[in-house]
Amino acid sequence: MIAQKASPRTSVIVLTFNGMAHVRECIDSLINQTNSDHEILIIDNGSKDGTPEWIETHYPQLNLIRLRKNIGFCKGMNVGVQRAKGHYVFLLNQDVKIERNCIRELVDILDQKSEEWIGAFPKVHFYDAPMYINAYGTDWYETCQWRDTRVGLADLGQFKEPEQVFGSIFPAVMFNRAKFLEIGAFDNMFWSYNE
């Protein structure tokens, strides 16, 4: 059971939209974290498949915010960040399953790098091929396009140390909430991608 505190260290924000196929595994991976000093907010983007009703029934201890319609990734996550109480906000897609130490390790690295970094993210693997990297950073090009780095590489343990990168893909990323809000959070002009 997650300890719901008035001011948790971290607020986990899961954005859902018709997510019945994945959301249980995502929520269970959050509940089973070694770090219990976090709240979980589910922002439902107007699901029509019964996702919010199912969450209310099976996870009544979670903070579910039901939006009347799908307002996209950027606005939906911004709603969650505004409602969050934590020093850090951990933004998750509904189809992400995180390892048991994920929140603790991200908080630890951000505590160490608090003056240098606005955020951190875990190495992301493909769900159906977990030995292969989906992304470990992004680069940005003059054509206003981003490119995920190290896509498709076999993970042989070669990326063990934290490193600074230009940017992140956004299935799972943690920000210092105050710094994220200071730069304006996500631009609501974007529905998703390039945010």
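The values are calculated or read from the model by the stated rules, or taken from the named source; none is laboratory data. As the structure is a computational prediction, the values presented were derived from the model and not from experiment. Ideal geometry is used to build each Cβ from the backbone, glycine not excepted, and the neighbour counts take in all protein chains shown. Protein only, heavy atoms only, side chains kept; ligands, DNA and RNA dropped before computing areas. Shrake-Rupley method; radii C 1.70, N 1.55, O 1.52, S 1.80 Å.
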- HN-Hα couplings for segment 117-127 via Karplus (6.51, -1.76, 1.60; θ = phi - 60°), in whole Hz with x for Gly/Pro, come out as 10, 8, x, 8, 8, x, 4, 9, 9, 5, 4
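Defining a contact as two alpha carbons under 8 Å apart and six or more residues distant in sequence, what relative contact order in percent does the chain show?
That works out to 24 percent.
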- Task: Would you grab the residues whose amide H sits under 5 Å from the one on H22? Only those 5+ places off in sequence or on another chain, please, with H modelled 1.01 Å from N.
- Result: none
- Determine the percent antiparallel among the DSSP beta bridges restricted to the chain, to the nearest 5. 45 percent
- Item | Unit charges on C-beta of K, R, D, E only; dipole of the chain, Debye | 540 debye
- Taking all protein chains together and a probe of 1.4 Å, list E116, E53, E99 from the most accessible to the least accessible. E99, E116, E53
- Query: What 222 nm value per residue comes from the helices of the chain, counting each DSSP H run with n ≥ 4 as -39,500 (n - 2.57) and dividing by all residues, nearest 500 deg cm²/dmol?
  - Reply: -6500 deg cm²/dmol
- Tell me, in nm to one decimal, what length is gained between T143 and N188 on full extension, where the rule is 0.36 nm per residue of separation less the Cα-Cα distance? 14.1 nm
- Taking the dipole about the Cα centre of the chain, with the C-beta of Lys and Arg at +1 and of Asp and Glu at -1, give me whichever of C26, I71, V96 is farthest to the positive side. I71
- Item | Shape call, the chain: gyration tensor on alpha carbons, a/c limit 1.5 | rounded
- Message: At a threshold of 8 angstrom on Cα-Cα distance, excluding pairs fewer than six apart, so keeping six or more, what relative contact order does segment 1-116 reach in percent?
- Response: 39 percent
- For L153, list long-range residues whose amide hydrogen, built 1.01 Å from N in the peptide plane, is under 5 Å from its own amide hydrogen. I133
- Message: For a quick check of understanding: with a 1.4 angstrom probe and all protein chains in place, what accessible area in square angstrom does K97 have, to the nearest ten?
- Response: 120 Å²
- Note on the structure: Of M189, M131, M174, M20, ordered by accessible area with the largest first and a 1.4 Å probe, the sequence is M189, M131, M20, M174
